[in-house]
Amino acid sequence: MTAHDHHAHSLPSRRGLLTMGAGVSLAYLGGGAAFGQAASTKKKLVVIICRGAMDGLSVSPPVGDPGYAALRGGLAIRPDATLKLDSTFGLHPALKATYALAQGGQARIAPTVAIPERIRSHFEAQDLLESGGARLYGATTGWLNRTLAALGPTHPMKALSIGPQEPLILRGPIQADSWSPGGRVGASTTRIATTLQDLYKADTLLGPALAAGLAVEAQADVLNGGTPLKGNDAKAFADTAARFLIADGGPSIAVLNVDGFDTHANQGAETGLLANRLGLLDQVIDGLHRGMGAAWNDTVVIVATEFGRTARVNGTGGTDHGTASTLILAGGALKPGGMIGDWPTLAEAKLFENRDLAPTLDIRSVFKGVLGDHLGVDRRALDAKVFLDSSAAAAVQGLVRA
């Protein structure tokens, strides 16, 4: 069972007919079947979840901190290889496109964010990250689904889930259609889809769900010019995601998943396992940036992970489950600025439980700041409905251009 099998819908929609590749999947959220039911909002939000606990100390290496090199040993990114942001922080050398955005005021880092509970289990931490609750299993729906409920009918948004299953962050009363980027696998798939349509045409639940999924597939074919995506082409995948977002009547909120960040062994520094995953993430961000065109100016991208990794290297050249990690914000709607949050330093006495980078910012505070300023979600609703029992986690102000 994967970390999200228990959240998947049981509908035998066409998602089971297709395959995923390269550890990347995508989901869209809103309301209605396929496109064309409600006018999309001009503002766009993309949430990228880096699953497996992305190592924030490599994403945004604090090379100016005196404790960094000693703690990291062979995993420390060299100062001359780091893409410099300020006197303390840089970006990993694999994040070249993201760095170019940062140089133009369109990318920022929050290097010490964490979920509200100190959890080291992937399964449980991802659950809390996506539910947006104050405690583990305190909510059964996702905070993006509750965002739409809070916006109400004055801010209509669409529903489209791309990938083999719907992630918890989208789970709730607002239904998501689905499309898998594996594409059709041939005539047999068409025959199966036709058979399913005949089988479920009289079913009031399954019939419309299948029809909506096929309609989305047809839309994807149009957007891609009939060319199926290759599983390892992250930039093309992101470009297709962008095409969905900017299509007439397209969705306003998208969620992407990038897997493979559980680097217990052979993590590598400037090259290696983690560098490869960060390169993939960079391609996704770059593909969104280029694919969105002028709509990029009204877009915010949030890159988040369930938790960070240990400050010290383990015995197999990797890092174990930690606490604070780096969140990346990008997009043309972003307000230029420096680091978000406070830096506790990597001094021995400042480490959390003598092993992790200490968290200084509740990740929900960043989410709230973006949802409030960018999508116009009421702040009282953010505290009570979108992120349950979260009034203590004040929204970070001024992240988005007015």
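Observations
- Calculated from backbone phi, Karplus (6.51, -1.76, 1.60) coupling profile of the stretch 55-67 in Hz, x at Gly/Pro: 6, x, 6, 9, 4, 10, x, x, 5, x, 7, x, x
- Summarising the label geometry, the points placed 7 Å from Cα in the beta-carbon direction at Lys385 and Asn354 lie 4.8 nm from one another.
- Charge dipole magnitude, Cβ of K and R +1, D and E -1 - the stretch 282-349, Cα centre, debye nearest 20: 80
- Computed FRET value (nearest 0.05) for Arg401 with Arg78, which takes r as the C-beta separation and R₀ as 35 Å: 0.50
- Our coupling estimate for the stretch 102-110, obtained by passing each phi through the Karplus curve with A = 6.51, B = -1.76, C = 1.60 and θ = phi - 60°, is 4, 5, x, x, 10, 7, 9, 10, 10 Hz, Gly and Pro reported as x.
- Rounded accessible area per residue of the stretch 235-381, 1.4 Å, Å²: 31
- With every protein chain in place, the stretch 304-402: carbon and sulfur % of accessible area (1.4 Å): 53
- Across the stretch 122-134, coupling constants 3J(HN,Hα) worked out from phi with the 6.51/-1.76/1.60 Karplus curve, θ = phi - 60°, read 3, 4, 6, 5, 5, 4, 5, 4, 8, 6, x, x, 7 Hz, and Gly and Pro carry x.
- Computed on the Cα atoms alone, the convex hull of the stretch 70-141 gives a volume of 151 cubic angstrom per residue.
- Computed from the Cα positions only, the extents of the stretch 249-368 along the three principal axes stand at 51, 30, 21 Å, in decreasing order.
- Rounded to the nearest 10 Å², the accessible area of Trp143 at probe 1.4 Å: 0
- Environment charge at Asp286 (Cβ cut-off 9 Å; Lys +1, Arg +1, Asp -1, Glu -1): +2
- Cut-off under 5 Å, modelled amide H: who pairs with Gly67 long-range: Leu346
The values are calculated or read from the model by the stated rules, or taken from the named source; none is laboratory data. Quantities reported herein were computed from a predicted structural model and do not represent experimental measurements. Reconstructed Cβ throughout: ideal geometry from the backbone, glycine too, with neighbour counts over all protein chains shown. We work out accessible area using only protein heavy atoms, side chains counted, and drop any ligands, DNA or RNA first. Shrake-Rupley method; radii C 1.70, N 1.55, O 1.52, S 1.80 Å.
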